[in-house]
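Below is one structure, written out as structure tokens; comments come after it.
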Amino acid sequence: MRPPADAIGTLALIVGVIASLIFIGVEAALVYAIWRYRASRNLAGQPATFERNRRLEIAWTAAPALILAAVFVLTLGTMAEINGAGVAPAMRIAATGHQWWWEFGYGGTKTANELHVPVNTPIDLDLTSVDVIHSFWVPELGPKMDMLPGTTNHLRVLARRAGSYEGQCAEFCGVEHAWMRIRVVAQSQAEFDSWLAAQAVPAVTQGGDGERVFFLSNICVNCHTVRGTAAAGTAGPDLTHVASRATIGAGVLPNDVARMRAWLADPQRYKPGSLMPRVPLSDADLDALAAYLGALK
Amino acid sequence: MTVDRTLLGVAIFIASESVFFLAIVLAYVAYRDAGLATAKANLDIGRTAIFSIALFASSGTMALAARARSGTWLGATMALGAIFLVGQGSEYARLLGEGIGPGSALFGTTFFTLTGLHGIHVLAGLVALAALFTANLGRPRAVRAVAWEAVSFYWHFVDAVWVVVFSVVYLGTLL
Amino acid sequence: MTAIPLWVRRPAGERVGWLRTVDHKAIGVLYIGMGVAFFAVGGLEALLLRAQLATPEAGLVDPETFNQAFTVHGVTMILLAVVPLLVGFANYMVPLMIGAPDVAFPRLNALSFWLSLVGGVVLYFSFLAGGAPDTGWFSYAPLSERAFAPGTGVDYYILGLAVNGAGTIIGAINLSVTILLMRCPGMAISRVPLFVWMTLVTSVLILGAYPALTAALVMLLVDRQLSGHFFDPAGGGQAVLWQHLFWFFGHPEVYIMVLPAMGMISEVIPVFSRKPIFGYGFVAGSSVAIAFLSFGVWAHHMFAVGLGDTENAIFSATSMLIAIPTGVKIFNWIATMIGGRLRMTTAMLFAVGFIAMFVIGGLSGVSLAVVPIDLAVTDSYYVVAHLHYVLFGGTMLGIFAGAYYWFPKMTGRLLSERLGRWHFWLTFAGFNLTFLPQHWLGAVGMPRRVFTYAASTGWGPLNLISTIGAAILAIAMVVFFVNLVRSLRSGEIAGDDPWDAFTLEWSTTSPPPPENFATIPAVTGRRPLWDRKHPEARDKS
């Protein structure tokens, strides 16, 4: 199938050309009327007195109606096409909106904020939300679709080229709506398969000081999961392979150990309003925790 | 034919009130299935029907009052309206006693909102009736005929809304 | 000496303060004053938003402040600026245009104004009471539920809108009864000026739409204050119900804001073209068509909600249909100009500007009725651009046209044409600079209501242009304000009929006496004053 974004692009081009022609026609008529009939030209004679012309009026009612009828037919065609047009999806991925991050589920394997897909493969996203309404939108991948709590919507996406795509939440969802970004990585089927296999395995942890801090006072583990350990919180992103992701905080910072440490020291500085609290930790604990998370490849 | 301004104004007001109630009733209907079991188990149709008859009868006494400009019939209308409100109050007390309130579940939310908004309108109607009653006690001739018609118009509307609410909320449980 | 006295004379001659006045003209002025004041406040909020967005990842304001500012900006401009401005002009002009001494219910009229104002004050009181609403002007549930909006902002939003709405509903009852029953002898409904027609249609829209909003607000209040579950998915409610109710109000609201402005330019264009309006019946009739259709298009705001293809297709069709009567009007206005003798006064410039800009808003509106295109650009800056082309490029330019046209009638003095031209061209340039780039921003992925955006997106330059445009627009508004103040104090004396106009408001003095007309006029056509001035060339209709 053709990527939904391309189908929309074609339709938008057609509608855009029609709209441009109408725009040029109307503005030209307006400019002509002003230029031709301005009083400062001292035109001879009296102003015209006509005030109706039924035929003309019926014509300019009917003409837009015909144009719109044609546009409507094209609309119906494209609506069917972007829904998949009968082509079954090669895979389904669960996408769940949270204030203010994304959870992506491949069967039982969960990851956050970074959606990996095989290239040139029709995929259906099953969209829902755990709190308020969000909207999944990656312009180059396809249309947007709202994520409503208590309901599941479906969105067909297809990535035409390998590489990364950017998107973000499109429905205002509260204080950090602006930093609810999505990164999509489209890969060859083989690369995708090995990525998914890597994500599916539990964390290989070194233990040590970082892990001790992670489990300290049940703070981190209250909200986060690290598969393979006792950490099984679900309010925040799954951190089993957090170091494999490109950003922190749904796009607010690039992901490396130094920035992870800065983020852990004060998430509210980078993402004010975020549901991740500032936890007072000593410098040594911060170092250890950042190193621990940085090792979760 | 000349149309009285005040009556036209009241008619338009009632039309816009109808949109308001329509929205609330639609919300009730949209959530009907979720609350049906609670409604069937807890609503007292028989008792409410009796109090409803009081309200329906008040439309009759209002018509008589308006036709004869009769303070007595007006008083009867007010009494019947008040009886209806007392009935509503006792129904509320019973439901709240059983733990069903506006916050308990969807049935409570929609039931108390719909019937409560209607009750507020009945109360407003009673205030209008009382104002007319008082004016009529003082200088009956100074009360314009249109005042009687306008108040009566509004009271019939409040009554008609209850026909819909009673049908949807109470009789609806019998379906 | 100012042209607006500190008291309002009653027919009997005694002085009545502004607080107690029930004169439709004084109440019209109060409404317009309220609209101007809130327009200024809403404009400052917009400047704050644009300043923050001028550069990526800026930290001028924190996200809470930004979210409050765009929420209050939307509510303010729509309900506290545009609607009062339009209702104000209607209040002032409708009785004059139909040859009536006042509105049907003068005291209720005062009540409408004060309720509208109090609603606005209640909304703004939220700033002092712990924070303004920050959930957007359409305040989608469940974000607006207590669980996600625990402060009092949304409660003030509910109360403010409900009280303001009650005022607007009462005002609509008043205006519709006035138009239906108080026309002077000979003023058949097929002869009333088009601004009056549009006011009547708008009143009907208000009466059908606002009660749905009130109902939704009551339900939200029950949810928030009595722990109800109307829009609470966790309790079995549906978030989408709020959207249905809100947009059942919200889309007619767009026409409530646009139709009266269309009425204004339908007065201005014929007068300054020296011709009768072309296709009076089509202009009036198409408004009725718009009114009917506008109650059947609301779900085009909800294409991305997942209602289903059938529902989306139906609402796509109705939304395209509504473009037809809207387009017809544009042809009618241009045809009115053809063959005329156009006096390009500031009022006429703004009226022509309305047509030029509204076309863009109308066409982008059609693109949003095309479901797949909507799914691509809805909730993005494309929609922000679209709605501002309709409501600023359309409505506000129409209001400015009306302001330059009617200011002499209301004050006895003309606004300065020289400042007026500056006002127009700065507005035109600033407006397009602000909003044209936003179409592109939306198309490439910038969502609306973001307090900032990543530098890596590359959205910086277009946003900077947009912010510069907003600054120019602000200067234009300052020019207008200066023009208002200076002309009030020392503008050229206008006389009764400075534009050689067609309709009855120009047959009385400027400003009109408390009773409007010394004797109630009788009319025989659509242009009564023209008929009076040109008995040899009376209109036949």
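The values are calculated or read from the model by the stated rules, or taken from the named source; none is laboratory data. All values derive from a computational prediction rather than experimental measurement. Cβ: placed from backbone, ideal geometry, glycine included. Neighbour counts: every protein chain shown. Areas reflect the complete protein model, heavy atoms only, side chains present, ligands, DNA and RNA absent. Shrake-Rupley method; radii C 1.70, N 1.55, O 1.52, S 1.80 Å.
May I ask you to verify whether C:I277 is touching a helix residue (DSSP H, G or I) at 6+ places or on another chain (Cβ under 7 Å) and assigned to a loop (DSSP other than H, G, I, E, B)?
So C:I277 fits the description; yes.
Yes or no: A:A197 under 17 Å from A:I93 (Cβ atoms), free of Cβ contacts under 8 Å to residues at least 40 places away in the same chain, outside any loop (DSSP other than H, G, I, E, B) and open to solvent by 10 Å² or more (accessible area, probe 1.4 Å)? Working first, answer last.
Values: under 17 Å from A:I93 (Cβ atoms): yes; free of Cβ contacts under 8 Å to residues at least 40 places away in the same chain: yes; outside any loop (DSSP other than H, G, I, E, B): yes; open to solvent by 10 Å² or more (accessible area, probe 1.4 Å): yes.
Spelling it out, A:A197 is indeed under 17 Å from A:I93 (Cβ atoms), free of Cβ contacts under 8 Å to residues at least 40 places away in the same chain, outside any loop (DSSP other than H, G, I, E, B) and open to solvent by 10 Å² or more (accessible area, probe 1.4 Å).
Determine if segment C:107-121 includes at least one residue that is over 21 Å from the mean Cα position of the chain (by Cα), surrounded by fewer than 23 Cβ atoms within 10 Å (Cβ to Cβ) and over 19 Å from C:L200 (Cβ atoms).
Step one: filter segment C:107-121 for residues over 21 Å from the mean Cα position of the chain (by Cα), giving C:107-108.
Then keep just the ones that are surrounded by fewer than 23 Cβ atoms within 10 Å (Cβ to Cβ); that gives C:107-108.
Checking which are over 19 Å from C:L200 (Cβ atoms) leaves us with C:107.
Within segment C:107-121 (the criterion being over 21 Å from the mean Cα position of the chain (by Cα), surrounded by fewer than 23 Cβ atoms within 10 Å (Cβ to Cβ) and over 19 Å from C:L200 (Cβ atoms)), the answer is yes, since at least one residue qualifies.
More than 14 Å from chain B (Cβ to nearest Cβ), polar (S, T, N, Q) and open to solvent by less than 10 Å² (accessible area, probe 1.4 Å) - does that describe any residue in segment C:157-174?
yes
Of these, C:V154, C:V177, C:V192, which one is within 14 Å of chain B (Cβ to nearest Cβ) and either β-branched (V, I, T) or in contact (Cβ under 8 Å) with a residue 12 or more places away in the chain (or both)?
Values: C:V154 fails: within 14 Å of chain B (Cβ to nearest Cβ); C:V192 fails: within 14 Å of chain B (Cβ to nearest Cβ).
Step by step, each of C:V154, C:V177, C:V192 is checked, and only C:V177 is within 14 Å of chain B (Cβ to nearest Cβ) and either β-branched (V, I, T) or in contact (Cβ under 8 Å) with a residue 12 or more places away in the chain (or both).
Limited to segment A:127-146, what total is found for residues that are under 11 Å from the mean Cα position of the chain (by Cα) and open to solvent by less than 10 Å² (accessible area, probe 1.4 Å)?
Residues meeting the conditions: 10.
I'd like to check which helices (runs of 4 or more DSSP H) are fully inside segment C:62-171 and have at least 3 residues that are farther than 30 Å from A:R269 by Cβ.
Passing ranges, in order: C:83-97, C:106-128.
Applying the selection to segment C:455-483, what residues are closer than 20 Å to C:G393 by Cβ and touching a His at 6+ places or on another chain (Cβ under 9 Å)?
Of everything in segment C:455-483, those that are closer than 20 Å to C:G393 by Cβ and touching a His at 6+ places or on another chain (Cβ under 9 Å) turn out to be C:A476, C:M477, C:V479, C:F480.
Say we look at segment A:203-218 and pick out the residues that are open to solvent by 70 Å² or more (accessible area, probe 1.4 Å) and touching a residue at least 12 places away in the same chain (Cβ under 8 Å); which of these is nearest to A:R245 (Cα to Cα)?
A:V204
Criterion first (part of a helix (DSSP H, G or I), open to solvent by less than 10 Å² (accessible area, probe 1.4 Å), touching a residue at least 12 places away in the same chain (Cβ under 8 Å) and of a type in the set (V, I, T)) does B:V146 satisfy it?
No: the conditions fail for B:V146.
Restricting segment A:219-248 to residues that are touching a Gly at 6+ places or on another chain (Cβ under 8 Å) and open to solvent by 40 Å² or more (accessible area, probe 1.4 Å), which is nearest to A:S164 (Cα to Cα)?
The qualifying residue nearest to A:S164 (Cα to Cα) is A:C223.
Kindly indicate which of B:G125, B:G103, B:G99 is of a type in the set (G, A, S) and in a helix (DSSP H, G or I).
Values: B:G103 fails: in a helix (DSSP H, G or I); B:G99 fails: in a helix (DSSP H, G or I).
One residue alone meets the criteria, B:G125.
Hey, can you tell me all the residues within segment A:78-88 that are open to solvent by 40 Å² or more (accessible area, probe 1.4 Å) and not β-branched (V, I, T)?
Within segment A:78-88, A:A80, A:E81, A:N83, A:A85, A:G86, A:A88 meet the criteria.
Name every residue in segment C:122-132 that is open to solvent by less than 30 Å² (accessible area, probe 1.4 Å) and either within 22 Å of the chain's Cα centre (by Cα) or aliphatic (A, V, I, L, M) (or both), in order of residue number.
C:L123, C:A132
Can you find, within segment C:200-224, the residue that is farthest from C:S112 (Cα to Cα) among those that are more than 9 Å from chain B (Cβ to nearest Cβ) and over 22 Å from the mean Cα position of the chain (by Cα)?
C:R224
Out of everything in segment C:307-318 that is open to solvent by 10 Å² or more (accessible area, probe 1.4 Å) and under 24 Å from A:W60 (Cβ atoms), what residue ends up being nearest to the other protein chains (Cβ to nearest Cβ)?
Among them, the one singled out is C:A317.
Just one of the numbered conditions (1) open to solvent by 60 Å² or more (accessible area, probe 1.4 Å); (2) within 8 Å of chain C (Cβ to nearest Cβ) is not true of B:D33; which one?
(2)
Looking at segment C:411-443, which of its residues are over 30 Å from C:F89 (Cα atoms), within 13 Å of chain A (Cβ to nearest Cβ) and buried (at least 17 other Cβ atoms within 10 Å of the Cβ)?
C:H439, C:L441, C:G442, C:A443
Out of A:V175, A:V132, report the one residue that is touching a residue at least 60 places away in the same chain (Cβ under 8 Å), over 27 Å from A:A243 (Cβ atoms) and at the interface with chain C (Cβ under 8 Å from one of its Cβ atoms).
A:V175
Identify, please: which residue in segment C:362-387 is away from every other protein chain (no Cβ under 11 Å) and within 20 Å of A:I22 (Cα to Cα) and is, among those, surrounded by the fewest Cβ atoms within 10 Å (Cβ to Cβ)?
C:L387
Considering only segment A:168-182, I want to know if a residue exists there that is of a type outside the set (G, A, S) and surrounded by fewer than 20 Cβ atoms within 10 Å (Cβ to Cβ). Outline the logic, then answer.
Kept after step one, since they are of a type outside the set (G, A, S), are these residues of segment A:168-182: A:168-169, A:171-173, A:175-177, A:179-182.
Still in the list and also surrounded by fewer than 20 Cβ atoms within 10 Å (Cβ to Cβ): none.
Scanning segment A:168-182, I find no residue that is of a type outside the set (G, A, S) and surrounded by fewer than 20 Cβ atoms within 10 Å (Cβ to Cβ), so the answer is no.
Scan segment B:65-106 for residues that are buried (at least 16 other Cβ atoms within 10 Å of the Cβ), of a type in the set (D, E, K, R) and modelled with pLDDT of 95 or more and jot them down.
Of everything in segment B:65-106, just one residue is buried (at least 16 other Cβ atoms within 10 Å of the Cβ), of a type in the set (D, E, K, R) and modelled with pLDDT of 95 or more, namely B:E91.
This table checks each residue for (1) among the basic types (K, R); (2) more than 17 Å from C:I324 (Cα to Cα); (3) within 8 Å of chain C (Cβ to nearest Cβ); (4) surrounded by 16 or more Cβ atoms within 10 Å (Cβ to Cβ).
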{"residue": "A:Y37", "(1), (2), (3), (4)": "no, yes, yes, yes"}
{"residue": "A:L43", "(1), (2), (3), (4)": "no, yes, yes, no"}
{"residue": "A:T49", "(1), (2), (3), (4)": "no, yes, yes, no"}
{"residue": "A:R54", "(1), (2), (3), (4)": "yes, no, no, no"}
{"residue": "A:A63", "(1), (2), (3), (4)": "no, no, no, no"}
{"residue": "A:L66", "(1), (2), (3), (4)": "no, no, no, no"}
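Considering only segment C:440-456, I want to know if a residue exists there that is touching a strand residue (DSSP E or B) at 6+ places or on another chain (Cβ under 6 Å) and part of a helix (DSSP H, G or I).
yes
Consider C:F451 against the criteria (1) over 21 Å from the mean Cα position of the chain (by Cα); (2) within 25 Å of A:N153 (Cα to Cα): it satisfies all of them except one. Which criterion is unmet?
Only one criterion is unmet by C:F451, namely (2).
For segment A:11-33, check the following and say yes or no: at least one residue is assigned to a loop (DSSP other than H, G, I, E, B) and either farther than 29 Å from C:P276 by Cα or touching a Cys at 6+ places or on another chain (Cβ under 8 Å) (or both).
Within segment A:11-33, none of the residues are assigned to a loop (DSSP other than H, G, I, E, B) and either farther than 29 Å from C:P276 by Cα or touching a Cys at 6+ places or on another chain (Cβ under 8 Å) (or both).
From C:A335, C:A304, which residue is within 14 Å of another protein chain (Cβ to nearest Cβ), farther than 18 Å from C:M198 by Cβ, crowded, with 21+ Cβ neighbours inside 10 Å and out of contact with any Ser or Thr (no Cβ under 8 Å at 6 or more places or on another chain)?
From the options C:A335, C:A304, the qualifying one is C:A335.
Working only within segment C:191-248, note down all residues that are assigned to a helix (DSSP H, G or I), surrounded by fewer than 24 Cβ atoms within 10 Å (Cβ to Cβ) and among the charged types (D, E, K, R).
The one that is assigned to a helix (DSSP H, G or I), surrounded by fewer than 24 Cβ atoms within 10 Å (Cβ to Cβ) and among the charged types (D, E, K, R): C:R224.
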